[in-house]
Amino acid sequence: MLYEIRDLKQRYGKGPLSLDIAELSIRSSGITGLVGPNGSGKSTLLKVLSFLITYQSGSIIFDGLPSEGREGAIRREVTYLLQDSYLLNRSVYENIAYGLKLRGDVPDIKERVRESLTQVGLDPEKFAQRPWYQLSGGEVQRVALAARLALRPRVLLLDEPTANVDEASAQLVMEAAVSAANEYGTTVIVATHDLAWLYEMSTDVVSLYRGRVVGSGAENLLQGKWRLTGGYMVREFIDGQAVFAYQPQSGRPNAAMLNSAGVRLFVERPDAAHDMNIIRGRIVQMTLERATDSVLVSIEVGENVIKTRMEAAELNRLELCPSKMVYLTFSYAAVRWI
């Protein structure tokens, strides 16, 4: 493992905990996705992993050794791309070469600049000498990523890298990140709302909620108002359907998680069973999941999207496709409180 986090707590000033992570491991040379609603701690975790901010307690093991006292050296191996990147007031070439010149140990700067521009889909002949103010928003983000790829980092951290760019640029940014992982063995850690890309390309997915790790893989977050009815917790959707769950053993529930492995899909309505949810929805997306070689099927139910995982052969047998209406089942016990 490249990162091993134990009992980490971080807060800004005297505010509430931004991160409260009991345990988290991130493997080397893979693509790890961070998912969760706004305010779940994704950006803060990226800043901690880049050692740009400190934490109050806990430990981080980096590449098998404690990070304490080694932060400066580790920063040379880690690079971080913000959601809104800024360039220096100079040419594209000088922006990309800047970090390489600071390091002073890269003899082939011109070639590195050309390679990194090509990786993000920008022609070096057309863009190398272009000034920063002649770039579109998508091109700015791609140049900023190229500057980081030129460093051949051990770790590449991406914070919503495609949030404010056009679709073509977003695709090129993501392809460049995958290329870095495949060609250089870079560990890529990305927080993004582009879940289709994330589940397709990630080797691992970590779910965050209110600063805590609450799951891994394809999880379904069930937020909203839960009420106690007839001894069960009930969450109603806007289409009139409802999900039932057992009461939590202690505390007041805020939200629940449902792992995709606990959800089954049917074309025809199945027979009712004791303590089993049956809901109907429409398929909105199907994504080949790199980590499992399975297909992740996303079904819209009311205002929620619930994911389940299927083998490609089963998907073909049932003749599933986007817009098809299907039924989902999962037990009351499969809904767990967070």
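Every number here is computed from the coordinates shown, using simple stated rules; none is lab data. Everything quoted here is computed from the prediction, not taken from an experiment. Cβ sites come from the backbone with ideal geometry, for glycine too, and all protein chains shown count toward neighbours.
Compute the length gained on full extension between S179 and D275: take 0.36 nm times their separation in residues and subtract their Cα-Cα distance, giving the result in nm to one decimal.
Separation in residues times 0.36 nm, less the Cα-Cα distance, equals 29.9 nm.
Calculate how steeply helix 92-103 sits against the longest principal axis of the alpha-carbon atoms of the chain, using the helix alpha-carbon long axis, and give the answer as 0 to 90 degrees to the nearest 10.
With both axes taken from Cα atoms, the answer is about 80 degrees.
How would region 91-202 be classified by its alpha-carbon gyration tensor: rounded, prolate or oblate, with rounded meaning a/c under 1.5 and the a/b versus b/c comparison settling the rest?
oblate
With runs of 4+ DSSP H residues as the only contributors, calculate the mean residue ellipticity of the chain at 222 nm using -39,500 (n - 2.57) per run, divided by the residue total and rounded to the nearest 500.
-7000 deg cm²/dmol
Take the chain, drop everything but the C-alpha atoms, weight them equally and run the Debye formula without solvent; then report log10 I(q)/I(0) at 0.08 Å⁻¹ to two decimals.
Ignoring solvent entirely, the Cα scatterers give -0.45.
Considering the options V140, P66, P107, tell which one lies farthest towards the positive end of the dipole of the chain, charges being +1 on Lys and Arg and -1 on Asp and Glu at the Cβ, about the Cα centre.
Projecting each Cα onto the dipole axis, the largest value belongs to P66.
Using a Gaussian network model of the chain whose springs link C-alpha atoms within less than 10 Å, name the residue from A218, A196, A272 with the highest mean-square fluctuation.
A272
Shape of region 170-262 from its Cα gyration tensor (a ≥ b ≥ c, root eigenvalues): rounded if a/c is under 1.5, otherwise prolate when a/b > b/c, or oblate?
Because a/c hits 1.5 or more and a/b exceeds b/c, region 170-262 counts as prolate.
With equal scatterers on the alpha carbons only and no solvent term, can you work out the Debye log10 of I(q)/I(0) for region 242-338 at 0.25 1/Å?
Result of the Debye calculation: -1.39.
Got the relative contact order for the chain handy, in percent, Cα pairs under 8 Å and 6 or more residues apart?
With pairs under 8 Å counted, the relative contact order is 17 percent.
Running a GNM on the chain with Cα contacts under 10 Å, which residue among S29, S91, S40 ends up with the highest mean-square fluctuation?
Maximum among the listed residues: S91.
Please identify, among Q119, Q241, Q285, the residue showing maximal mean-square fluctuation in a Gaussian network model of the chain using a 10 angstrom Cα cutoff.
Q241
Once Rh for region 1-122 is found with the Kirkwood sum over Cα pairs, what is the Stokes-Einstein diffusion coefficient at 37 °C and 0.692 mPa s, in µm²/s?
Reported coefficient: 196 µm²/s.
Please state the charge dipole magnitude for the chain, taken about the Cα centre, from unit charges on C-beta atoms (+1 on K and R, -1 on D and E), reported in debye and rounded to the nearest 20.
The dipole magnitude comes to about 940 debye.
Among R148, R154, rank each residue by its count of other Cβ atoms within 10 Å, from fewest to most, as a rough exposure measure.
Fewest to most other Cβ atoms nearby, the residues stand as R154, R148.
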